[in-house]
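Asks: The structure is given below, and queries will be raised subsequently.
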Amino acid sequence: MRKTLEPLRQEAISNWQKLQNFDKPIIMVGAATCGRASGALDVMHAIGDKLKELDIEAIVRQVGCVGMCHSEVLVDIIKPGRPRITYANITPDLSKELVEDYLVHENAREDLAICVSDDTPEDDLQVRVVMRNCGHIDPNSITDYLAQDGYMGLAKALEMTPQEIIDEVKESGLRGRGGGGFPAGRKWESCLRVDADQKYVICNADEGDPGAFMDRSVLEGDPHSVIEGMAIAGYAIGATKGILYVRAEYPLAIRQLKIAIEQAKERNLLGKNILGSGFDFELDIFQGAGAFVCGESTALVLSIEGRRGMPKPLPRPRTSEEGLWGKPTLLNNVKTFACVAQIIHRGTDWFKSIGTENCPGTAVFALTGKINKSGLIEVPMGIQLEKIINDIGGGVAGGRAFKAVQTGGPSGGCLPPEMLNLPVDFDSLTAAGSMMGSGGMVVMDDTTCMVDVARYFLEFSLEESCGQCTPCRAGTEQMLTILNDISQGKGREGDIDLLVEMGEAIIDGSICGLGQSAPNPVLSTIRYFREEYEAHIRNKECPAKACKELITYTIDAEKCSACGRCLKACPSEAITGAKKTPHAIDAEKCDKCGICFTECPDRFAAIQITTGRTENSN
Ligand SMILES: Cc1cc2nc3c(=O)[nH]c(=O)nc-3n(C[C@H](O)[C@H](O)[C@H](O)COP(=O)(O)O)c2cc1C
Ligand code: SF4
Ligand code: SF4
C-alpha cells in the first residue's frame with residue numbers, strides 16, 4: 001500500500017520543495033480561531049491589498065495555530081534564500097508597513113520580529129508530536145500534509161494485520177488523551193475481540209472544559225492527522241464507519257474537517273478500497289450541542305443516536321463492546337488519534353523515547369490564567385510544572401506571586417507552590433489530588449481566592465450535571481450553598497469538614513466521571529489552602545481580597561490628591577469629594593466593583609481594600 005501512496009507522496013513532496021525554493025516571498029498568517037479573533041483575516045486582506053498596490057508577487061498562505069496565542073496575530077515571512085522570520089502582534093496597519101519595509105526596502109523590521117529561524121519559534125522544552133504540523137502547513141492542503149509523511153502510517157498499517165497494529169499501539173504505551181489515560185491498545189483490542197457485523201470508530205472532539213482549546217486547534221491546524229489515526233483504528237478493529245463528534249461551537253474546525261475529508265476521499269485515502277487494500281472506511285461529522293456531559297462516552301453515543309445525552313445507568317456495558325446502535329464502538333480523543341499514525345510510521349521506540357516509562361509521548365495544554373505567555377504548549381510527559389509555568393509560560397503575569405495551578409478542567413484540582421516540582425503525567429497529577437484531564441491548565445496569582453475558584457468550578461459542574469444521580473444533582477448544589485455562605489462571611493465552624501464529607505459521598509454515589517470528580521476543586525483547595533477557608537469562616541476575611549462581601553473600599557485621605565478620577569469613574573456614585581479635598585467612599589452605596597482602585601494613579605495609590613473583622617464588627 002505504501003507503493004500505491006508513493007506517487008501522491010512524491011507529487012506532494014515536489015510541491016512542498018517548490019514552495020520552499022520559491023523565488024518569490026511566502027507570507028504565512030496564523031488563521032486558526034485564536035488568530036481570527038485577533039484579526040487574522042483583516043491582516044490577510046491588508047497584506048493582499050498592499051501586495052497589489054506595490055505590484056509584488058508573493059504567496060500568502062493560511063496556517064493553523066502554532067500555540068503562541070499570546071502574540072496573535074502571527075505572521076511569518078520567508079524571502080527567497082532567507083530564514084523564516086516570525087512577527088508577533090501584527091495588525092492590518094503593521095502588516096502593510098511590514099510588507100513595504102521588508103519586501104521593498106530590505107528592512108526586516110526586527111522591532112516586530114520574535115524569531116528568526118528556519119523553524120517555528122519553539123523553546124527547547126517543547127516537543128511537537130500532536131501539534132507537529134500546526135502553524136507549519138495549510139490545513140486545507142492535503143498535499144502539505146502528504147509532504148510531511150502524511151498517510152504513511154495508514155499505508156503501512158494496511159500492510160499489517162489488525163493484531164499487529166494493536167500490538168504496536170499497546171507496545172507504544174499510548175494512553176488516551178481525553179483525560180482518563182486509559183491504555184489505547186487495550187481498548188482497541190477489546191473492540192477487535194467482539195464479533196459484530198458493524199463496528200464504529202468515534203473521535204471525541206466535544207471539549208467542553210472551560211478554558212480548553214487543544215482539540216479545536218489540532219482539528220483546525222492539522223485535520224488529516226486525526227482522520228489518518230481514525231482510519232488506522234477502523235482497519236485495526238474492523239470498523240468501516242467513523243464519526244467525528246465535534247461541538248457545534250467549533251465552526252472552523254468543522255469546516256476544515258469537511259474539506260479534509262473530501263480531499264482524502266478524492267485521493268482514495270478514505271472511502272471504498274482504500275489504497276487498493278480492500279478496506280472501506282467512511283467518515284462523517286456529528287455536531288454536538290455543547291453540553292459538557294455529552295463528552296462522557298455513553299452520553300455521547302446516546303446523543304449521536306438522537307436521544308437525550310446523559311450517561312447510561314450502571315451497570316452498563318462498555319462502549320467498546322456495546323456502543324453506538326448497540327455495536328462495538330471505539331471512542332478516543334482527538335489527540336489520541338493524532339498520535340497513532342506517527343506511532344505506526346515512526347515506530348514505538350521513537351514514541352517511547354519521549355515522556356516517561358508509564359506515560360510515553362507528550363501532553364498538550366491550554367495554558368491560561370495569570371500567565372505571561374498564554375496559549376497552547378506541547379511538552380514531554382514528566383516535565384515539571386515549574387518549567388511549564390516559568391520557562392515556557394514566562395512566569396506569572398504582572399510579576400505577582402504564584403499561588404496555584406489548576407489542571408484537569410472543572411474536575412481537576414488546584415496545586416500550591418510546594419507542588420511546582422511535580423512531574424506532569426497522568427499518575428503524578430492524580431496522586432496529588434488533581435488530574436491531567438484533557439489539557440486545561442489555569443495559573444492563579446495571589447489575587448485569586450481559592451474558595452472563589454472552588455465555587456466557580458463547582459457551579460460549572462452543577463450546571464452541567466445531567467441530574468440523574470441525586471448526590472451529583474443535589475449534593476453539588478448543597479456544597480455550593482455552603483461555599484457561597486463561606487465567601488459571604490456566613491460560614492460556620494464545621495463547614496470545612498462537612499464539605500469534605502459531602503464531596504467524598506458525591507464521588508462515591510455518582511455514576512459518571514462528572515459527579516465523580518465535581519468535588520475535586522473543593523477537596524484539593526481544602527487540602528492545600530485550608531487556612532484560607534478558615535480565614536473566611538473564623539475572621540470573615542478573604543486573604544486574596546477577592547470576595548466582595550468580605551472587603552471594604554476606603555480612601556486614605558493622606559494619600560489622596562483629589563484628582564477626581566475615581567469620582568468620575570465610579571458607576572454607583574459612591575464617591576464624594578471636591579477640588580483640593582480628599583475624596584471619600586460611601587460604604588452603603590459602594591458596589592465593590594473595584595473601578596476606583598484601577599483608576600487611582602499608582603503614584604497616589606490612595607484606594608485601600610481591607611478585609612476581615614474590624615474593631616467594630618461583631
Ligand atoms: C463529563 C465528562 C466529559 C468528558 N468530556 C470529554 C471530552 O470533551 N473529550 C474527550 O476526549 N473525553 C471526554 N471525556 C472522557 C470520555 O468519556 C472518554 O473517556 C474519552 O473520550 C476516551 O478517549 P481516550 O481514551 O482517547 O482518552 C469526558 C468524560 C466525562 C465524564
Ligand atoms: S454523576 Fe451527575 S452528570 Fe453523571 S450521570 Fe450522575 S447526575 Fe448525571
Ligand atoms: S483617584 Fe485616587 S487620588 Fe484621585 S481622588 Fe480618587 S482616591 Fe484620590
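Asks: Antiparallel DSSP bridges in region 359-539: what percent, to the nearest 5?
Replies: Given both bridge residues lie in region 359-539, the antiparallel proportion sits at roughly 80 percent.
Asks: Can I ask one more? How about region 487-532: which GluC sites (Glu not before Pro) there lie in a loop by DSSP and see at most 15 other Cβ atoms within 10 Å?
Replies: Passing sites in region 487-532 are Glu493.
Asks: For Asp446 and Ile13, calculate 0.36 nm times their separation in residues minus their Cα-Cα distance, and state this gained length in nm to one decimal.
Replies: Difference between extended and current length: 150.7 nm.
Asks: Using only Cα atoms, find the angle between the long axis of helix 495-509 and the longest principal axis of the chain, and express it within 0 to 90 degrees, rounded to the nearest 10.
Replies: Long axis of 495-509 versus the principal axis of the chain: about 20 degrees.
Asks: While we're here: Once Lys and Arg get +1 and Asp and Glu get -1 on their Cβ, which of Ile56, Val424, Gly503 lies farthest toward the positive end of the dipole of the chain?
Replies: My answer, from the dipole projection, is Gly503.
Asks: Tell me the relative contact order for the chain as a rounded percent, counting alpha carbon contacts under 8 Å between residues six or more apart.
Replies: Details: 1304 pairs, mean separation 67.5, N = 618.
Reported as a whole number, the value is 11 percent.
Asks: Something else about it: Just list whichever of Lys3/Lys199; Lys403/Lys490; Lys548/Lys579; Lys96/Lys373; Lys241/Lys265 have alpha carbons separated by over 20 Å in the model shown.
Replies: Violating the 20 Å limit, Cα to Cα: Lys3/Lys199; Lys403/Lys490; Lys548/Lys579; Lys96/Lys373.
Asks: May I ask you to compute the full-extension gain from Asp586 to Arg109, defined as 0.36 nm times their residue separation minus their alpha-carbon distance, rounded to one decimal in nm?
Replies: Answer, rounded to one decimal: 166.5 nm.
Asks: Also: What is the distance in Å between the Cα centroid of region 16-78 and that of region 357-398?
Replies: 27
Asks: Counting other Cβ atoms within 10 Å of each Cβ, which GluC sites (Glu not before Pro) in region 278-311 have at most 16 and sit in a DSSP loop?
Replies: Here the sparse-neighbourhood loop sites are Glu305.
Asks: Also, I was wondering about something else. In what order, largest first, do Tyr456, Tyr87 sit by accessible area if the probe radius is 1.4 Å?
Replies: From most accessible down to least: Tyr456, Tyr87.
Asks: Provide the gained length on full extension for the span Leu252 to Asp391, in nm with one decimal, where the gain is 0.36 nm per separating residue minus the Cα-Cα distance. If you can, show how the numbers build up before the last one.
Replies: Details: separation 139, 0.36 × 139 = 50.04 nm, distance 3.12 nm.
My answer for the length gained is 46.9 nm.
Asks: Now, a different point. So what's the angle, to the nearest 10 degrees on a 0 to 90 scale, between helix 251-266 and the longest Cα principal axis of the chain?
Replies: 10
Asks: Moving to a separate point now. What is the distance, in nm, between label points placed 7 Å from the Cα along the Cα-to-Cβ direction at Ala37 and at Leu54?
Replies: 3.1
Asks: Would you mind checking the tilt of helix 223-237 against the longest principal axis of the Cα atoms of the chain, expressed as 0 to 90 degrees and rounded to 10?
Replies: That helix lies at roughly 60 degrees to the long axis.
Asks: Okay, helix-only estimate at 222 nm for the chain: each DSSP H run of n ≥ 4 adds -39500 (n - 2.57), divide by all residues, round to 500 deg cm²/dmol; what do you get? Don't jump to the answer; show the numbers that get you there.
Replies: Working: 22 runs with 226 residues, N = 618.
About -11000 deg cm²/dmol.
Asks: Given a cut-off of under 8 Å on Cα pairs at least six residues apart, what relative contact order in percent is computed for region 19-116?
Replies: Rounded, it is 33 percent for region 19-116.
Asks: So, how do all the Cα-to-Cα distances of region 142-353 break down into 5 Å bins, in percent, from 0 on up?
Replies: 1, 8, 16, 21, 22, 17, 10, 4, 1, 0
Asks: Rounded to the nearest Å, what's the spacing between the alpha carbon centres of region 79-108 and region 156-187? Just the number, please.
Replies: 44
Asks: Could you size up the charge dipole of the chain around its Cα centre, putting +1 on the beta carbon of Lys and Arg and -1 on that of Asp and Glu, and report it in debye to the nearest 20? Write down the numbers at each step before the final one.
Replies: On the way: 65 positive and 86 negative charges, 124 e Å.
Taking the Cα centre of the chain as origin, the dipole is about 600 debye.
Asks: Also, quick follow-up: Considering amide H positions built from the backbone, and no H for Pro or chain starts, which residues 5 or more places from Gly355, or on another chain, come under 5 Å of its amide H?
Replies: Those lying under 5 Å, H to H, from Gly355 are Gly361, Met381.
Asks: Quantify, in whole percent, the carbon and sulfur part of the accessible surface of the chain (1.4 Å probe; protein heavy atoms only).
Replies: 47
Asks: Given a Förster distance of 35 angstrom, what is the FRET efficiency for Ser561 paired with Arg613, based on the Cβ-Cβ distance and rounded to 0.05?
Replies: After rounding, the FRET efficiency stands at 0.70.
Asks: Now a separate question. Using the heavy atoms of the protein chains alone and a 1.4 angstrom probe, what is the accessible area of the chain per residue in square angstrom?
Replies: Per residue, the chain has 41 Å² of solvent-accessible surface.
Asks: Continuing with the same structure: Computed over the Cα atoms of region 19-116, what is the convex hull's projected area averaged over all directions, in nm²?
Replies: Taking a quarter of the hull surface, the average projection is 5.5 nm².
Asks: Still on this structure, I have one more. Can you list the residues, at least 5 places off or on another chain, whose amide H is less than 5 Å from the amide H of Lys403, using H built in the peptide plane?
Replies: Long-range HN contacts for Lys403: Met444, Asp445, Asp446.
Asks: How big is the chain by the Kirkwood estimate over distinct Cα pairs, in Å?
Replies: About 26.5 Å for the chain.
Asks: Restricting to DSSP loop positions (anything but H, G, I, E, B) with no more than 13 other Cβ atoms inside 10 Å of their own Cβ, which trypsin sites (Lys or Arg not before Pro) remain in region 212-320?
Replies: On the way: sites: Arg216, Lys241, Arg247, Arg255, Lys258, Lys265, Arg267, Lys272, Arg307, Arg308, Arg318; in loops: Arg267, Lys272, Arg307, Arg308, Arg318.
Of the trypsin sites (Lys or Arg not before Pro), the ones in loops of region 212-320 whose Cβ has at most 13 other Cβ atoms within 10 Å are Lys272, Arg307, Arg308.
Asks: In addition: For region 142-353, what is the relative contact order in percent, using Cα pairs closer than 8 Å and at least 6 residues apart in sequence?
Replies: 31
Asks: Translational diffusion coefficient of region 359-539 at 4 °C, 1.567 mPa s, Stokes-Einstein with Kirkwood Rh over Cα pairs, in µm²/s as a whole number.
Replies: Working: Rh = 16.5 Å.
Diffusion coefficient, whole number: 79 µm²/s.
The values are calculated or read from the model by the stated rules, or taken from the named source; none is laboratory data. Predicted model, so just to flag it, every value in this text is computed and none were measured. With ideal geometry, Cβ positions are generated from the backbone for all residues, glycine too; neighbour counts draw on all protein chains shown. Note: areas computed on protein heavy atoms with side chains; ligands, DNA, RNA excluded. Shrake-Rupley method; radii C 1.70, N 1.55, O 1.52, S 1.80 Å.
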